[in-house]
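See structure below.
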Amino acid sequence: MFGFGVVSLLLAGAIFGFFYAWICSTMWGLDAADPRIAIAAMQAMNESVRNAVFAPAFFGTPVAVLITAFLAYGSGSPRAAIIFAAGGVLYLVGGLGLTLVVNVPMNEALANVAIPEDLAQAGAIWADYSPRWQVFNIIRTVISGGTLLLVGAGLMALSRHDLTA
């Protein structure tokens, strides 16, 4: 059961790091680029992210964390179970759910944009997309960080339970 906790920690850390990297490097770099290049790059990144390396962290985090909650409860550690369950639900709603409801539709809309030759037109498209996308990315990053903290707290609660059991 502790192994599921470690898998949960790794997946939560991976998705938090993925979202965090967009905040502190990727979007700043795209915002500094020619907007025609930024649009094309974002279209390419959004297309390439649908892969078997990304999927476990994005889709597997809530599954692993909630399975860990169930296993913790079954092993007689209700405190750890509640902490893991909170982390799983938090990411399910605020990380995965927010992404599917807000960021993915924005990405799909951008994917359908023909990149204009005109710099001002491209700048207007990017200015309409980037700030809003970044706000929601910050929210899902904070939520994913909260999930990571809860998984760590759940592991600590499991360790304490094992020491006292």
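Things worth noting here:
- Number of the exception - Ile115 against (1) of a type outside the set (Ser, Thr, Tyr); (2) crowded, with 18+ Cβ neighbours inside 10 Å; (3) part of a loop (DSSP other than H, G, I, E, B): (2)
- Members of the range 109-119 that are of a type outside the set (D, E, K, R) and more than 10 Å from Asp34 (Cα to Cα): Ala109, Leu110, Ala111, Asn112, Val113, Ala114, Ile115, Pro116
- In the range 120-139, the residues that are without any contact (Cβ under 8 Å) to a residue 60 or more places away in the chain reach residues that are of a type outside the set (A, V, I, L, M) and surrounded by 16 or more Cβ atoms within 10 Å (Cβ to Cβ) with C-beta atoms within less than 6 angstrom, at least six apart or across chains, in these pairs: Phe136/Asn103.
- Positions within the range 32-51 being part of a helix (DSSP H, G or I) and either touching a residue at least 12 places away in the same chain (Cβ under 8 Å) or under 13 Å from the mean Cα position of the chain (by Cα) (or both), in sequence order: Pro35, Arg36, Ala38, Ile39, Ala40, Met42, Gln43, Met45, Asn46, Glu47
- Some residue of the range 59-74 being at pLDDT 95 or above, more than 25 Å from Leu158 (Cα to Cα) and among the aliphatic types (A, V, I, L, M): no
- Scanning the range 69-78 finds one or more residues that are of a type in the set (S, T, N, Q), in a loop (DSSP other than H, G, I, E, B) and in contact (Cβ under 8 Å) with a residue 24 or more places away in the chain.
- Within the set Gly88, Gly29, Gly5, the sole residue that is part of a helix (DSSP H, G or I) and within 18 Å of Ile143 (Cα to Cα) turns out to be Gly88.
- Test: Ile82 is more than 13 Å from Leu155 (Cα to Cα) and assigned to a helix (DSSP H, G or I): no
- Residues in the range 39-89 that are surrounded by fewer than 18 Cβ atoms within 10 Å (Cβ to Cβ) and either of a type in the set (S, T, N, Q) or under 17 Å from Val104 (Cβ atoms) (or both): 13 in all.
- Selection status of Ala57, assigned to a helix (DSSP H, G or I) and over 14 Å from the mean Cα position of the chain (by Cα): no
The values are calculated or read from the model by the stated rules, or taken from the named source; none is laboratory data. All values derive from a computational prediction rather than experimental measurement. Here the Cβ is made from the backbone with ideal geometry for all residues, glycine too, and neighbour counts use every protein chain on show.
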